[in-house]
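Q: Take this structure first; my questions come after.
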Amino acid sequence: MTNTNIKRIGVFTSGGDAPGMNAAIRAVVRTGIYYQKEVMGIMRGYEGMIEGDIVKLGARSVGNIIQRGGTILKTARSKEFRTKEGRQKAYENLKKEGIDALVAIGGDGSFTGLHYLTQEYGIPAVCIPGTIDNDLAGTDYTIGYDTATNTAVEAIDKIRDTALSHNRLFFIEVMGRNSGYIAVNSGIAGGAAAVIIPEETMSFEELMTLLTEGEGSSKKSNLIVVAEGSKIGGANELARKVAERSDYFDIKVTVLGHLQRGGSPTYFDRVLASKMGVAAVEGVLNGQSDVMVGVRNHQMVYNSFDTIMSHTHDIDKESLRIAKILSI
Ligand code: ATP
């Protein structure tokens with residue numbers, strides 16, 4: 001069934017960390033060993049590849065990590081890898097270690113780096129989407145998104161308790177530079193009065209209208225979820241602008257920040273990471289390369305680099321509609 005030419009698979013995590021990366025590492029290592037391959041862990045993403053920071057991983061060395069946040073292989077962003085010279089150094093180290101296939105766990109930047117390496121040196125490589133933003137095409141979910149959204153919902157629930165006790169208006173900023181996935185779905189699940197995301201063009205005036213309508217109703221406290229990449233300003237800026245226009249509200253701001261990256265992965269992320277880890281190794285052993293693993297309608301799929309990069313994972317319009325209907 002499998003490519004016998006591949007003897008050693010290198011695995012690494014790259015870009016921003018996401019809960020569930022450890023579950024993916026575990027799955028890659030154990031699947032590789034299941035198919036009688038050796039698996040090497042490359043530390044700190046492309047940085048460790050360039051420096052030759054590479055360790056052997058056994059089935060037991062990935063025990064007791066499925067439930068842990070972060071990544072045991074650490075992650076980094078490497079400027080040097082963006083250059084041809086950097087990638088050559090990285091490839092020399094892979095050759096020295098006898099690594100003849102790669103599995104990367106990261107976002108679109110990591111996949112781009114992997115694409116160049118494959119193009120330049122012909123090394124078979126598969127990417128697993130690990131990023132909390134859920135902003136990659138070719139997959140319904142990325143690893144870490146479910147955990148990050150659950151963390152945001154927990155925080156919103158807690159803030160709601162204090163908001164209700166004091167008739168407050170809260171702006172809660174969640175992660176998402178270009179993508180409103182965490183904001184929309186944590187907003188629906190947390191019962192937000194409005195969700196402000198990078199993809200949607202709600203103007204500040206529309207927001208003010210929505211808030212002032214609330215003044216006349218019995219709705220005295222509001223939770224507004226704002227994605228960090230909001231085009232009309234982040235939570236702090238919006239709070240300041242609303243305060244300049246109206247003294248009706250007691251306005252507070254909570255920026256959730258890196259809280260959302262940490263913590264034990266949810267069951268969903270652990271299972272997703274496990275399935276993707278198995279699919280990545282089986283894919284590369286079956287001749288897949290320059291592809292990203294994904295899950296579409298509950299099926300594992302492989303999408304080429306060009307397909308992933310020429311599409312966006314647009315926010316589901318139906319979710320936006322639901323968020324609006326339920327906030328009245
Ligand atoms: P996240 O979505 O969490 O930010 P990411 O994988 O997109 O994850 P990036 O920082 O964009 O994170 O990319 C990770 C690393 O991939 C970079 O530090 C760099 O080493 C490599 N990389 C990104 N873009 C390129 C590129 N155009 N050419 C070569 N390498 C790249």
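Q: Over 30 Å between C-alpha atoms is what I'm after, so list which of K79/K252; K252/K324; K74/K275; K37/K275; K158/K241; K241/K324 land there.
A: Result: K79/K252 exceed 30 Å.
Q: Next up: Accessible area per residue, 1.4 Å probe, Å², for region 45-164: what's the number?
A: Heavy-atom SASA per residue in region 45-164 reads 42 Å².
Q: Something else now. Please figure out what share of the DSSP beta bridges in the chain is antiparallel and state it in percent, rounded to the nearest 5.
A: So the antiparallel bridges amount to about 25 percent of the total.
Q: Separate question: Looking at region 182-282, what % of the alpha carbon pairs are farther apart than 16 Å?
A: So the pairs more than 16 Å apart make up 65 percent of the total in region 182-282.
Q: Here's something else I'd like to know. Enumerate the helices in the chain for which the Kyte-Doolittle hydropathy averages -0.5 or more and the C-alpha atoms extend at least 15 Å along the helix's axis, using complete DSSP H runs.
A: 21-34, 145-166, 204-216, 267-285
Q: Under a straight-distance cross-link criterion of Cα-Cα below 16 Å, which lysines are reachable from K96, leaving out those fewer than 8 residues away in the same chain?
A: The reachable lysines, counting only those whose Cα sits under 16 Å from K96, are K7, K56.
Q: Oh, and also: How big is the gap, in Å, between the Cα center of region 70-103 and the Cα center of region 111-146?
A: Going from one Cα centre to the other spans 15 Å.
Q: Given points 7 Å out from each Cα along the Cα-Cβ axis, report the F204 to L326 separation in nanometres with one decimal.
A: 3.0 nm
Q: Let me ask something else about it. Return the calculated 222 nm mean residue ellipticity for the chain, to the nearest 500 deg cm²/dmol, obtained by summing -39500 (n - 2.57) across DSSP H runs with n ≥ 4 and dividing by the residue count.
A: One gets -13000 deg cm²/dmol as the mean residue ellipticity at 222 nm.
Q: If you average the C-alpha positions of region 16-69 and of region 310-328 separately, how far apart do those two centres end up, in angstrom?
A: 35 Å
Q: How many nm is it between the label spots at H298 and Y35, if each spot is 7 Å from the Cα in line with the beta carbon?
A: Rounded to a tenth, the inter-label distance reads 2.6 nm.
Q: Under the rule a/c < 1.5 gives rounded, and otherwise a/b versus b/c splits prolate from oblate, where does the chain land using the Cα gyration tensor?
A: Taking the square roots of the gyration eigenvalues as a ≥ b ≥ c, the chain is prolate.
Q: Also, I was wondering about something else. Counting only C-alpha contacts under 8 Å and six or more residues apart, can you give the relative contact order of the chain as a whole percent?
A: Rounded, it is 24 percent for the chain.
Q: Shifting gears a bit: At 7 Å along the Cα-to-beta-carbon direction for both D53 and Q88, put a label point, then send me their distance in nm to one decimal.
A: 2.4 nm
The values are calculated or read from the model by the stated rules, or taken from the named source; none is laboratory data. Fair warning: this is a prediction, and the values are worked out from it, not measured in the lab. Neighbour counts are summed over all protein chains in view; Cβ atoms, including those assigned to glycine, are modelled from backbone coordinates with ideal geometry. Ligands, DNA and RNA are excluded from the accessible area calculation, which covers all protein heavy atoms including side chains. Shrake-Rupley method; radii C 1.70, N 1.55, O 1.52, S 1.80 Å.
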